[in-house]
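The values are calculated or read from the model by the stated rules, or taken from the named source; none is laboratory data. Quick caveat, the model's predicted, so the values are computed rather than measured. Please note: Cβ atoms are built from the backbone with ideal geometry, for glycine as well, and neighbour counts cover all protein chains shown. Areas reflect the complete protein model, heavy atoms only, side chains present, ligands, DNA and RNA absent. Shrake-Rupley method; radii C 1.70, N 1.55, O 1.52, S 1.80 Å.
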Amino acid sequence: MSSEPSTLDPRDWESFRKLAHRMVDDMLDFLAALDAQPVWQPVPSDSRRALDEPVPYEAQGEERAYADFLAHVLPYSNGNRHPRFFGWAQGNGTPLGMMSDMLAAAMNPHLAGFAQAPAIVEAKVIAWFVELMGFPQEASGVFALGGTMANVLALAAARQAMCGFELRTRGLYDAPSRYLVYGSGETHSWLKKALELLGMGSASWRLSRADLAAQIAEDRALGLAPMCIVGNAGTINTGDFDDLEMLADVAEKERVWFHVDGALGGLAMLSDRLRPRMKGVERADSFAFDLHKWMYQPFDVACVLVRARGALEAAFASSASYIAAMERGVIAGGLPFADRGVDLTRGFRALKVWMAMKAHGVRGIARAIEANVRQAQMLAARIDREPELERVAPVPLNIVCFRFKGSDALNQELLLRIQESGVAVPSSTIIDGRFALRCAFVNHRTKDEDIDRVIDAVLTIGRELA
Ligand SMILES: *Cc1c(COP(=O)(O)O)cnc(C)c1O
């Protein structure tokens, strides 16, 4: 019996090379022609059926797998790659980011650490962000999957730093009192998840009052333990900012950890024009920001910076005989990134960020960010000019919330019809108890004309419904 080679490398590199080139060409054609595509379309029933496949025990071949991807997967995503996608806060990705992910996958290094070139690149990009975000040179950080995980890592570092007992060995069971985290009602739902995950219970989230110092004093008098203040640099609903300077003052005076969630708006720090609005970020003990939102990188990549060197390691570093550092050889230098977070095996997501910063320059990225802020203002101005529309929140950054004058039911139907039309994808939220359409600008493909197209569609559909 002849044994076939068991490697998963191509049998025939030349024919695989042809397929690979076709994949690259197809994806570039796809990205170059997005404007002509609907933003979103539901998965048709024949594709649903095709994807409902039994476990493929036998080889179908690369060509067949790719053909099925082209026919049934590629056209039917949530649409965030498109110039007129404004829903939630989802970046587009870039062609360079796509290719960088390919390069990272080809190299496939293990980024727990291993002080070779990929680790040097990750450490360097973190150092660049330390500088760009106004943190002191000794600050450190780590790349994470997304804003949620970056925030979780920061909160775990805060908890470790603030809990004056053997948290890592005893857990919170022996905590002398309940630890409290203060954040506004506009804080993203990551905080609730994080508190539950960290075993603190989401009831540890105190909605912060304007007189935060007095509130903390009252909580202390009750025997509770204020631990962390969470500030928002760009809230998910409206892109609003907390008064970060005030929060930093209170945190400093009350000796609690100050964390800033910049998942949405943090990258505004790259712009000379927008940075002044972020005043106070540079005083945070920790700062989390997404790079797959407002730095437009393909999912998934975020970053967390921590001011006190060693604060992440205090929460996460672990030792085991099979990953012990050595003086020389492959594991020299240890596993610094695994020691700063939960994950051990980590991919080279820093590569696309490094490539983007070098290729576009921080200035090029900042220009795209500034264009988004300008487009949000344009949309707001157009809404304000249209008598049938009403804006329901100020536009401090890159998010616009508005309604067609009429009932909540009308606006809900309007939202679904505009999404189903394929012309544009806004999402929705509730502002002051009323349903509102919501457009977020974290999209480097949006052109100024797209804004008029969205509003024209809203008006046409709204009038039909009214
Ligand atoms: C998106 C977002 C998060 C969560 O980040 P993910 O990357 O989706 O995990 C947290 N906070 C804010 C303000 C966000 O906009």
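A single entry from 387, 396 fulfils the requirement of being outside any helix (DSSP H, G or I) and without any contact (Cβ under 8 Å) to a residue 24 or more places away in the chain: 387. Filter the range 43-72 down to the residues that are within 19 Å of residue 19 (Cβ to Cβ) and either in contact with a Gly (Cβ under 9 Å, 6 or more places away or on another chain) or without any contact (Cβ under 8 Å) to a residue 24 or more places away in the chain (or both) and list them by number. Within the range 43-72, 56, 59, 60, 61, 64, 65, 67, 68, 69 qualify.
One line per residue, one yes/no per condition, for (1) open to solvent by 40 Å² or more (accessible area, probe 1.4 Å); (2) closer than 28 Å to residue 300 by Cβ; (3) more than 15 Å from the ligand (Cβ to nearest atom); (4) free of Cβ contacts under 8 Å to residues at least 40 places away in the same chain:
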residue	(1), (2), (3), (4)
162	yes, no, yes, no
165	no, no, yes, yes
173	yes, no, yes, yes
179	no, no, yes, no
189	yes, yes, no, yes
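Can you tell me which residue among 86, 135 is closer than 25 Å to residue 28 by Cβ, touching a strand residue (DSSP E or B) at 6+ places or on another chain (Cβ under 6 Å) and in contact (Cβ under 8 Å) with a residue 40 or more places away in the chain?
Working: 135 fails: closer than 25 Å to residue 28 by Cβ.
It is 86.
With respect to the conditions (1) over 22 Å from residue 281 (Cα atoms); (2) out of contact with any helix residue (DSSP H, G or I) (no Cβ under 6 Å at 6 or more places or on another chain); (3) modelled with pLDDT of 95 or more, residue 397 falls short on a single one, namely (1). For residue 196, the stated conditions do not hold, so it cannot be described as out of contact with any Phe, Trp or Tyr (no Cβ under 9 Å at 6 or more places or on another chain), open to solvent by 30 Å² or more (accessible area, probe 1.4 Å), modelled with pLDDT under 95 and over 18 Å from residue 251 (Cα atoms). Considering the range 267-326, and only residues there that are of a type in the set (Asp, Glu) and either more than 16 Å from the ligand (Cβ to nearest atom) or farther than 23 Å from residue 353 by Cα (or both), the residue that is surrounded by the most Cβ atoms within 10 Å (Cβ to Cβ) turns out to be 285.
Taken over the range 23-42, the residue count meeting the criterion of being part of a helix (DSSP H, G or I), touching a residue at least 40 places away in the same chain (Cβ under 8 Å) and of a type outside the set (A, V, I, L, M) is 3.
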